[in-house]
Structures are given as structure tokens and as C-alpha cells.
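Have a look at the structure below before the remarks.
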Amino acid sequence: MAEPAYIVASDNETTGEEKSSAAFPEIAIGIDIGTSQCSIAVWNGSQVELLKNTRNQKMMQSFVMFKDDTPSGGVSSHLSHEHEMLSGAAIFNMKRLIGRVDTDPVVHASKSLPFLVQTLDIGVRPFIAALVNNVWRSTTPEEVLAIFLVELRAMAEVQLRRPIRNVVLTIPVSFSRFQLTRIERACAMAGLQVLRLMPEPTAVALLYAQQQQQTEHENMGSGSEKIALIFNMGAGYCDVAVTATAGGVSQIKSLAGSAIGGEDLLQNMMRHLLPNAESLLSDHRINEIKSMALLRVATQEAIHKLSFQTSVQVDVDLGNGSKIRKVVGREEFEAVNQKVFDRCESLITQCLHDAKVEIEDVSDIIAVGGCSCIPKIKNLILKIFKREELYKGMNPSEAAACGAALEGAVASGVSDPFGNLDLLTIQATPLAVGIRADGNNFIPIIPRNTTMPARRDLIFTTVHDNQTQALIIVYEGEGNKVEENHLLGYFKITGIPPAPKGVPEISVCMDIDASNALRVFAGVLQPRSSHPAIPFMEVRMPTVDDGHGWCAEALHRAHGASLDLVTVQKKI
Amino acid sequence: MLSVSNSIAVAPTAVPFAGSSHTASSRVRFQPLNAFASTSYASTENATSSYLSHRGMASCSSLYEILGVPSGASFQEVKSAYRRLARVCHPDVANFDRKDSSADEFMKIHAAYSTLSDPAKRADYDRKHLLRHRPLTTASGFSGYTRRNWETDQCW
């Protein structure tokens, strides 16, 4: 657990308190920030407890309302009606926006939301604004998230009667490391120290590991393990994990995730009900926002009802002269969203394939998240596994927060006399990390689903005679070409001893520690010598900041292929 | 960071397998594991650390020794040994003073596990292992640690 050497200014106030109470480890709280809903849980000494807000809610809507002077979030503020959130004054779905550039399709899909999302398609942070007294007031997803986290923190501090500093947050599997830095940034702004960022299904896996341990005490060390598939689909993201569990140890065998969720189902349905739905909101005029809000609320209600009934009557007056009166059947809803459901299916099969697990080896199938109650989702999962039933021991909306709270307690060094915290998650990397080489190809150095902590290296060589410099451009993702992946950073190796092309051995080593920090080491190896000719470089990734979308292009424009590398064929 | 390789290098373990038959040596090697398994994990940190240094993941140890299982161990035994060691060596649960070295230990344990839990890789490893009638000098033969030895000499 390498703590950064610096502290962000907003962290200062609590530093003293933390030191004075170092003898008693502060139990980190677990937060599941969902695209639409959020929950917070803590280990209370004997079990995990979900905290409730002043209105006795365990699930709080994730939004921040900008009104007059002080913004207020979904933790404390009360909406008189769902429409209020859709007036343009509230920013929501920040989890779909955070750390994304304006060329990202997910950002483009967010342009139909009532608040303002502007894109210039040049690879910079999108412009986001909330409508306050008829003025678009600019903000950022980090700021919105920080405001929300401050409310959550205040709520937890009041209830637990102690200062809260350490948190475990759940994150989507598909988040890039750059997005993780944005989450950490938002936490720092809220005065919170991130102890761990946990992919959502792995938090659920930890809760499952605890449940299994409680039911089978004799299992300890016997080696008999249970394999579970965890499917987690909320409003913004769909994540899948395969975990092997025994004796409280949850080994993540594979992860898969994608930015698809209830928001996509909703938007597809809105487009289905009103084919020109997008153009309706093209200019974000006040009456356009109102019409869109009416449509969104009506569609959302219809989708919820379709989970329990086979057809629903949609009857909405958009206020601009157009009315929608339509009976929508469940099959129609499923047909409109076929692509989303296909994607869910492919994530599951990919995850099983990566874990090298056959469907009959899977003991339990766990479906959590808001979308897990959709009949089509349930059916497609059961069909893949040829089963009759899903795992029943978990509350689908609370599981991730509970798992995060368990991890918070374990990572804070708390032990439980009854062994309820003798737990361990052995994480795997959700995305491959590697560098650009062999032209424009992405060469993974640590592949996806590698057990963490991990350290791997690869040898590269020069492409030009007497090439003395090489550019190491680090990417994360699954695509074969670098453009399909997330740029994490870049640095240059200089002082390569002049030699014909293909001769110098340039070693690039990547190290991911248990807290998921990535370091990249690179340097030139000297044959017949244990000492490198030039000092090695050690770079913590990611190094890119906002506007990284055009970095790679700028590098290419400035240097072309002059600093390129190619892989060395492995000698066996 | 350098402390990792140092502590490993001075591990006092007697040269394993040298000149002895596999059954004999594996019986010897298996003793401390059983003793260890019967102790509780949380409370006996001395036992834990002494066990680890005794077992010593020196560069000359075989994958079986890393996991502390006999070479004829079943897949079940390999799995449970891996899990047991993970409970001690994983950086999330290791004591704070051993955080850095525990990552390296865990990676070695995991590498050994991933070879020995895969029938094809294990057969391959066993073939090389038995041919030489002694442990491999380096833990080569599995993916993570094939080429340069970053642990010992390069940069930390």
C-alpha cells in the first residue's frame, strides 16, 4: 500500500486526528456509488450494516441539485417529484461521464440528458453544466461526485459519531486507470482517502465468500472450492466475474465489463416511443427539457412495470402539442433492446471462457444490481447455465456496498473473534496493460485477468540503426490497435548505445501491487553485464491528465516512427 | 524494495532434494506444513514468519517446495496449500512490516500454483524436474519469470 508522498490540500484537516488514533485502526466504510443509486455500509463490530439517511433510505439517488448558492445531493435533499431531477438543475449519471473524453460514445449518449453535455470531439473533457436560475452553470463530474461524497461522509459521521476518512469504493470493471484517478481525485476533494477501489462484482464475491464460510466452517483448508458467476448490472454498467471460493478466500478468475446498463434500455425505449427523441432536445431550451423529462419519467415507469406485467399503457402529454399513447408489450421492450441483452450474454460467455470454467462447474449464479430484476436478464442467464434458479442469499441492491464494507474492515486490519473477517480477495486485472510497439499495435505486458499483485516484463528492440531514443507509450485495454485502448502515459528512454537495429535489448517491466498501483520500469539491458548502461526509469502510471485524447496523435505528429520499438521473438 | 531478494537469499533452508530420493525429501518437506496448518493464522505471527523464512523461497527451491506440498500432491492439496499460503502472504493480510516482500512472495506462490494446478503445465514441469533429478536452478518454466531476473539484480 504505497501512499502518495503528497497530500491534497483538502485532506489536511483530518490528518492530525488520524495520527492520534493510529492505535485503533479506523474501519473504512464501503460505498457503492451507482450511476443511479448509491448505498453506504460499514462493519459495526459483528456484521455489516447499511447506513440510512434522515429519510430512512438505504438507497439514495445519485444526483446533485444546483440551486442558488449551495448545491445539494441525493443524500439529504428531497425531491417532491421525479421531474424535479430532470429540470436541468440536477446533474446525475456522473459515473457515466467521469474520466471520459468528448469523443467517447458514452459521453455522446449522455447528450440527451436534461443537463448540458457539450462535446467538441477533440479528445478533451466534455463541458457539463447545470441550469441555475436560467443560467448554465459549468461543473465537472469530479466536482459533482465530490459534493455527493461530502454529503455521504457527513451522514456517516453523524451516525457513526466519528470522523470518516478511509473508504472502499466500488467501481465498474471497465473503468480505465485514468478514470480511477478521477474517482480518487473526487474522494480527495471530499476529504476521503481511498483505501481500495474494488470492481463491483469482486465486492459481491467477497460477500459471497463470507456467506460460504459461515455456512461451511469445515471447509477451511480442505481445498474444496465453489465456483460462482457474478452478474452485476445497474443503470450505467454491466459487469461479470467468475470467482473460486473456499475458506473465506475469493480468487477472482476472470472479469468482464462494459458501459451498458439501464440507462441504455431507457434511452432505446425513449427513442422507440418517440423516434425523433434526440432532436427534441437539440438546443436544451426550457420547454424542450420539460418535454424530455416527461418522456423520461413515463418511459422509466413503463420499464419498471414491465418487470412485473407483460404489457403496459404509456400515456404521456409532452406539453409541446405531441402526445404519446401506446401499449408496449414486454416482447416489444426486449426486441428494442436486443443488442443490450446480446452484449450481456457475450460478457458472461467471455468471462466463463477466460476463467476456463464449464457451466456445470459453476455452483452458484449471483445476479445483482438494478437490472437483475428484469425478466429477460434473469432468463438469459438461466438459459446460458441451463438452470432453474439464481442464488438467493443476497439483496441485489445492497450486495456491492456490503462487500465493500467487508473489504474496508479487512483492509483496515480489523479482526473478528468469530472469524467473520477471515476473508481475502485475490484480485485479477480487469484490463491488459502494455505498450505501443510493432507499428501501431498494442502489445500487452500484463494480460487481462492476471492475478494481482503481478509483475511481468518483455524485451523490445529498436527499429532504426543507431537509434538512441525510444518512446514508451503505455496503454490499457483489449484492442489490438493502440487507438482502441486507453492511453495511460508515456516517457522516453534516452542514451541507448548506438547499434544496428534489432540489437539493443530494451526491457519493459510492469508491476501492479495489491492496491492496484501500476509502475512501469524500462531500460536498456547490457549483454554479459549485470549493470545497465543507463539508469532504468521507473514511472507511476497513469501520468496523463485531462485532454489526453489528443496526446497520442500529437506524439505521432511530432515524432512519427523515429522512436518506435518492436517486440523481440522469444528465445526458447 | 531490495529487501525482498536479500531476505530470500539468506534463507537458512538446507539444500533440498540434494542426493535424496523424492519420496524421502518430500516427506521431510511436508512436516512443517502440517505443523503450520494446525496453528491458527491470526495469532501466531511468529510461527508464521519463522515458517516462511525456514521454508525459504530461495532461488533453488522447486515449485512443490514453494507451496510446501509433496511432489505427488493431488490437485486438491495444491489448491488448499495455495489458499493457506495466500492467507498469510497476500499483501492485503500480511503484517505491515512485510508489505513489500509479501507481494513478491505471493507472486512466487501464485506462479507455482498456476503451474501445478494446470495438468499440462505440471506434467511439463515434472518432466524437466525429474529429468534433472534435482530442482531447477531458477524457477523457469512458467510464464512470469522466464527471462530477466528482476527480483535479484536489476533495479530495486
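Pick out the one residue from A:Ser307, A:Ser322 that is touching a Cys at 6+ places or on another chain (Cβ under 8 Å), surrounded by fewer than 17 Cβ atoms within 10 Å (Cβ to Cβ), under 30 Å from A:Ser87 (Cα atoms) and not acidic (Asp, Glu).
Only one candidate qualifies: A:Ser307.
Residues that are away from every other protein chain (no Cβ under 14 Å) and at pLDDT below 95: which strands (runs of 3 or more DSSP E) entirely in the range A:448-551 hold 2 or more of them?
A:470-477, A:486-493
Quick check on my filter: what residues within the range A:140-188 are of a type in the set (Ser, Thr, Tyr) and open to solvent by less than 10 Å² (accessible area, probe 1.4 Å)?
Within the range A:140-188, A:Thr170, A:Ser176 qualify.
Pairs under 6 Å by beta carbon, first residue closer than 13 Å to A:Cys371 by Cβ and modelled with pLDDT of 95 or more in the range A:339-359, partner in a helix (DSSP H, G or I) and open to solvent by 40 Å² or more (accessible area, probe 1.4 Å), six or more apart or different chains?
If the second residue must be in a helix (DSSP H, G or I) and open to solvent by 40 Å² or more (accessible area, probe 1.4 Å), the pairs left are A:Phe341/A:Lys376.
Please go through the range A:424-443 and pick out each residue that is in a strand (DSSP E or B) and either over 19 Å from A:Arg519 (Cα atoms) or hydrophobic (A, V, I, L, M, F, W, C) (or both).
A:Leu424, A:Thr425, A:Ile426, A:Ala428, A:Ala432, A:Val433, A:Ile435, A:Ala437, A:Asn441, A:Phe442, A:Ile443
So, in the range A:403-417, how many residues would count as being open to solvent by 20 Å² or more (accessible area, probe 1.4 Å) and over 11 Å from B:Val93 (Cα atoms)?
The number of residues fulfilling the criteria is 1.
Do we have any residue at all in the range A:472-493 that's in contact (Cβ under 8 Å) with a residue 24 or more places away in the chain, under 28 Å from A:Val101 (Cβ atoms) and either among the polar types (S, T, N, Q) or not assigned by TED's automatic domain parsing to the domain that holds A:Pro535 (or both)? Walk me through it before giving the result.
Residues of the range A:472-493 that are in contact (Cβ under 8 Å) with a residue 24 or more places away in the chain, as a first pass: A:472-493.
After this cut, where a residue has to be under 28 Å from A:Val101 (Cβ atoms) as well, the list is A:472-493.
With the extra rule that they be either among the polar types (S, T, N, Q) or not assigned by TED's automatic domain parsing to the domain that holds A:Pro535 (or both), the set shrinks to A:480, A:485.
Within the range A:472-493 (the criterion being in contact (Cβ under 8 Å) with a residue 24 or more places away in the chain, under 28 Å from A:Val101 (Cβ atoms) and either among the polar types (S, T, N, Q) or not assigned by TED's automatic domain parsing to the domain that holds A:Pro535 (or both)), the answer is yes, since at least one residue qualifies.
Let me confirm something: among A:Asn441, A:Asn420, A:Asn395, which residue is open to solvent by 10 Å² or more (accessible area, probe 1.4 Å) and under 30 Å from A:Val482 (Cβ atoms)? Steps first, please.
Values: A:Asn420 fails: under 30 Å from A:Val482 (Cβ atoms); A:Asn395 fails: under 30 Å from A:Val482 (Cβ atoms).
Just a single option satisfies the conditions, and that option is A:Asn441.
Inside the range A:265-302, can you point out the residues that are open to solvent by 20 Å² or more (accessible area, probe 1.4 Å) and either touching a Cys at 6+ places or on another chain (Cβ under 9 Å) or among the β-branched types (Val, Ile, Thr) (or both)?
A:Ile286 - this is the single residue of the range A:265-302 that is open to solvent by 20 Å² or more (accessible area, probe 1.4 Å) and either touching a Cys at 6+ places or on another chain (Cβ under 9 Å) or among the β-branched types (Val, Ile, Thr) (or both).
Evaluate the following for A:Ile230: is it out of contact with any Leu (no Cβ under 8 Å at 6 or more places or on another chain) and at pLDDT 95 or above?
Against the criterion (out of contact with any Leu (no Cβ under 8 Å at 6 or more places or on another chain) and at pLDDT 95 or above), A:Ile230 qualifies.
Could you list, in sequence order, the residues of the range A:235-274 that are within 17 Å of the chain's Cα centre (by Cα) and within 14 Å of chain B (Cβ to nearest Cβ)?
Hits for the range A:235-274 are A:Ile252, A:Ser254.
Spot the failing condition for A:Gly434; the list is (1) more than 12 Å from chain B (Cβ to nearest Cβ); (2) open to solvent by 10 Å² or more (accessible area, probe 1.4 Å); (3) modelled with pLDDT of 95 or more; (4) closer than 27 Å to A:Val539 by Cβ, and only one is missed.
(2)
Does A:Pro444 meet the test of being without any contact (Cβ under 8 Å) to a residue 40 or more places away in the chain, not assigned by TED's automatic domain parsing to the domain that holds A:Ala41 and not β-branched (Val, Ile, Thr)? Talk me through it step by step, then tell me what you get.
Details: without any contact (Cβ under 8 Å) to a residue 40 or more places away in the chain: yes; not assigned by TED's automatic domain parsing to the domain that holds A:Ala41: yes; not β-branched (Val, Ile, Thr): yes.
For A:Pro444, the condition - without any contact (Cβ under 8 Å) to a residue 40 or more places away in the chain, not assigned by TED's automatic domain parsing to the domain that holds A:Ala41 and not β-branched (Val, Ile, Thr) - is met.
The values are calculated or read from the model by the stated rules, or taken from the named source; none is laboratory data. All of these numbers come straight from a predicted model, not from anything done at the bench. Cβ: placed from backbone, ideal geometry, glycine included. Neighbour counts: every protein chain shown. We work out accessible area using only protein heavy atoms, side chains counted, and drop any ligands, DNA or RNA first. Shrake-Rupley method; radii C 1.70, N 1.55, O 1.52, S 1.80 Å.
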